[in-house]
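Q: This is the structure, below, for whatever I ask next.
The values are calculated or read from the model by the stated rules, or taken from the named source; none is laboratory data. All of these numbers come straight from a predicted model, not from anything done at the bench. Quick reminder, even Gly has a Cβ in these numbers, built from the backbone with ideal geometry, and neighbours come from all protein chains shown. The area values use the complete protein model at the heavy-atom level, side chains included, leaving out ligands, DNA and RNA. Shrake-Rupley method; radii C 1.70, N 1.55, O 1.52, S 1.80 Å.
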There are 2 protein chains.
Amino acid sequence: MKLFHEYRNPSLAVDLVVFGYHDNTLSVLLLNRKEEPFKDCWTLPGGFLQMEETFLDTCSRILQTKLGMNEVFLEQLYSFDDPGRDPRGRVIAVGYYALINPAKFKIVAGSMANDVKWFNVRKLPVLGFDHKYIFKAALQRLKSKILYHPVGFELLDELFTITELHELYECILHTTLDRRNFRRKILDAEYVINTGMKREGLKNRHPELYRFNKHLKKNNFQINVPTES
Amino acid sequence: MKLFHEYRNPSLAVDLVVFGYHDNTLSVLLLNRKEEPFKDCWTLPGGFLQMEETFLDTCSRILQTKLGMNEVFLEQLYSFDDPGRDPRGRVIAVGYYALINPAKFKIVAGSMANDVKWFNVRKLPVLGFDHKYIFKAALQRLKSKILYHPVGFELLDELFTITELHELYECILHTTLDRRNFRRKILDAEYVINTGMKREGLKNRHPELYRFNKHLKKNNFQINVPTES
DNA sequence: ACAAAAGTGTTTAGTGTACACCCATGT
DNA sequence: ACATGGGTGTACACTAAACACTTTTGT
């Protein structure tokens, strides 16, 4: 049995769509590149797969070195193979998306970037490479995922109110959802546990604080989005 | 701006899960390998990405040379990155699945394989590499996809009866679905067009023949599977 | 007392499910 | 005439949507 020698292989990059939620806004982290190609352009954070790394290893390395983050929700999106997607040569990109709570991290621009900034997902600048399409795939995936799976908690604080969760859903789905029906669905599904505590110091009635119920086997909720016409 | 030179990069393979449906059975195409590694083992058909190819180019080349097929439904599944998945060295695999009508192709074993055979998806042999997991991902994707999207037609003849479509769904989902409710859903969604013709020469009443309605914009059907408990 | 947001309940329309029944064909 | 599968209709249960109302807090 022959081992491989080095044939000509495409390079393999991992590109990250890092979502954060703050002040009723869903944002993505973008880097401003210091070097060609796409110097001074905004792009998704990314990096090349090292020989001994798994994709998740590469994700962690990027998150750590370029953004100063660790231990976040990550999921593979899709692999992008347009031969012209990188002017430096043939590069395949594996897209991942991450969900983080911006309050937990102080983002830092690594040595490769002029700047790192959160951008409202509805007000993105022009992106380098094919990152526009990777981003679109990520947002679409997040929108679908949140309808059936309890991923919203990754974006919120450990304790949150139903209203905060409701606002998060409306923000991500970019639509309105009936407050009372939403509450019932979430509670019936038992994806949240009432802590008995209340959020103090608000102008009006103090809402109850909930915590994510991690130990629940079945996916038994579904949020429906109004059909637009 | 520097161009790339050859860093050490993993090899990139494309592995195919080719589904076919015949005689009320959903099958997958497997190759019996002539060479190490996994000599004489059954594996998914696959091949290495050439420098100038897209993933779909590679898929077509594999389908053409190893199986004698062309022009089939293809969709990307997932990328598999376990560093130990190929004993020859670091190989990333991009999984695709294909839906074909076995009646339309005469499969041929390419020079690399001892044999090519259809296997019932519920009675698979042990597979080489990590192909068991690629297959599992494919079957799961097909099961989900068929609930919301009209992909079943790729597996059937151009003209088919509602009963044939119904049996296909039961076979893929591995469950029973009420015959009459299934019919209504499919017809209401207008995914099929009644041709006016009938299937002749059967023992009983001659069922009407339908054709897939390719020119339909919206996905407006959903098949529900009974919840098992 | 009032405003504003949180929390609870109810009515109604629509949809999916489980059936029963008739129809067409070959033996 | 009967068996067998194809085609049509309907009653019921269940769910989701729309909405009204009460409660709690700060001013």
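Q: So if I restrict to the alpha-carbon atoms in the range A:65-142, what is the Rg, and what is Dmax, the biggest pairwise distance, in Å?
A: 13.7, 38
Q: Relative contact order of the range B:142-210: what whole-number percent is it, with Cα pairs under 8 angstrom and at least 6 residues apart?
A: 31
Q: Work out how much length B:Glu35 to B:Asn219 would gain on full extension: take 0.36 nm times their residue separation and subtract the Cα-Cα distance, in nm to one decimal. Provide the component values of the computation, followed by the final result.
A: Details: separation 184, 0.36 × 184 = 66.24 nm, distance 4.52 nm.
Stretched out fully, the B:Glu35 to B:Asn219 stretch lengthens by 61.7 nm.
Q: Something else about it: Report, in degrees rounded to the nearest 10, the 0 to 90 angle that the Cα long axis of helix A:179-188 makes with the longest principal axis of chain A.
A: Between helix and principal axis, roughly 80 degrees.
Q: Taking θ as phi - 60°, what are the ³J(HN,Hα) couplings along the range B:153-169 by the Karplus curve (6.51, -1.76, 1.60), each to the nearest whole Hz, with x for Gly and Pro?
A: Once θ is set to phi - 60°, the couplings for the range B:153-169 become 4, 5, 9, 9, 5, 4, 10, 8, 9, 4, 4, 5, 5, 4, 5, 4, 4 Hz.
Q: Further question: How large is the accessible surface per residue of the range B:137-229, computed with a 1.4 Å probe and reported in Å² as a whole number?
A: Working: 5840 Å² over 93 residues.
Per-residue value: 63 Å².
Q: From the Cα gyration tensor of the protein assembly as shown, with a ≥ b ≥ c the square roots of its eigenvalues, which class applies: rounded if a/c is under 1.5, or else prolate if a/b is larger than b/c, or else oblate? It would help to have the intermediate numbers written out before the result.
A: Values: a/c = 2.07, a/b = 1.17, b/c = 1.76.
The shape class here is oblate.
Q: Under the Kirkwood approximation for Rh and a Cα-based Rg, what ratio Rg/Rh is obtained for the range B:189-229?
A: Working: Rg = 15.0 Å, Rh = 13.0 Å.
A ratio of 1.16.
Q: Related question: Buried accessible area for the A:B pair, summed, 1.4 Å probe, in Å² rounded to 100? Numbers along the way, then the final one.
A: Details: alone 13750 and 13710 Å², together 24200 Å².
It comes to approximately 3300 Å² buried between A and B.
Q: Moving on. Using the structure shown, list the pairs from A:Lys217/B:Lys218; A:Lys143/B:Lys218; A:Lys39/A:Lys117 with a Cα-Cα distance above 23 Å, or answer none. Before the final figure, lay out the partial values.
A: Details: A:Lys217/B:Lys218 33 Å; A:Lys143/B:Lys218 18 Å; A:Lys39/A:Lys117 16 Å.
Check vs 23 Å cut-off fails for A:Lys217/B:Lys218.
Q: Related question: Relative contact order for chain A: what is it in percent, counting Cα pairs under 8 Å that are at least 6 residues apart? List each step's numbers first, then the result.
A: Details: 372 pairs, mean separation 46.7, N = 229.
Contact order relative to length: 20 percent.
Q: Give the residues of the range B:153-178 whose amide nitrogen is closer than 16 Å to a point set 7 Å from the Cα of B:Arg199 in the direction of its Cβ.
A: B:153-172
Q: Using helices alone, what [θ] at 222 nm do you get for the protein assembly as shown, with -39,500 (n - 2.57) per DSSP H run of 4 or more residues, divided over all residues and rounded to the nearest 500?
A: Numbers: 8 runs with 106 residues, N = 458.
It comes out at -7500 deg cm²/dmol, rounded to the nearest 500.
Q: Cut-off 10 angstrom, C-alpha nodes, Gaussian network model of chain A. Which of A:Leu30, A:Leu67, A:Leu56 fluctuates the most?
A: Ranking A:Leu30, A:Leu67, A:Leu56 by mean-square fluctuation puts A:Leu56 first.
Q: Go through the range A:82-119 and flag every residue whose accessible area shrinks by 20 Å² or more with all protein chains in place compared to the isolated chain (probe 1.4 Å).
A: Residues meeting the cut-off: A:Pro83, A:Pro87, A:Arg88, A:Arg90, A:Ile92.
Q: Right, here's the next one. Among A:Tyr96, A:Tyr210, A:Tyr133, whose mean-square fluctuation peaks in a Gaussian network model of chain A (Cα, cutoff 10 Å)?
A: The residue that fluctuates most here is A:Tyr133.
Q: Remind me, relative contact order of the range B:101-229 in percent, using alpha carbon pairs under 8 angstrom and six or more residues apart?
A: Working: 108 pairs, mean separation 31.7, N = 129.
Computed over the range B:101-229, the figure is 25 percent.
Q: Modelled label-to-label distance, A:Leu56 and B:Thr65, 7 Å Cα→beta-carbon offset: nm?
A: 3.5
Q: On each of the three principal axes of the Cα atoms of the range B:1-146, give max minus min coordinate, whole Å, ordered largest first.
A: Largest to smallest, the principal-axis extents are 57, 31, 30 Å.
Q: Could you check the simple spin-label distance between A:Asn114 and B:Ala137, using points 7 Å along Cα→Cβ, in nm with one decimal?
A: That separation, rounded to one decimal, is 3.7 nm.
Q: Considering only A:Thr195, A:His206, A:Asn181, whose Cα is most displaced toward the positive end of the charge dipole of the range A:117-229, charges sitting on Cβ of Lys, Arg (+1) and Asp, Glu (-1)?
A: Most positive-ward Cα: A:Asn181.
Q: Gaussian network model of chain B, Cα springs within a sub-10 Å range: biggest mean-square fluctuation belongs to which of B:Leu63, B:Leu31, B:Leu202?
A: It is B:Leu202.
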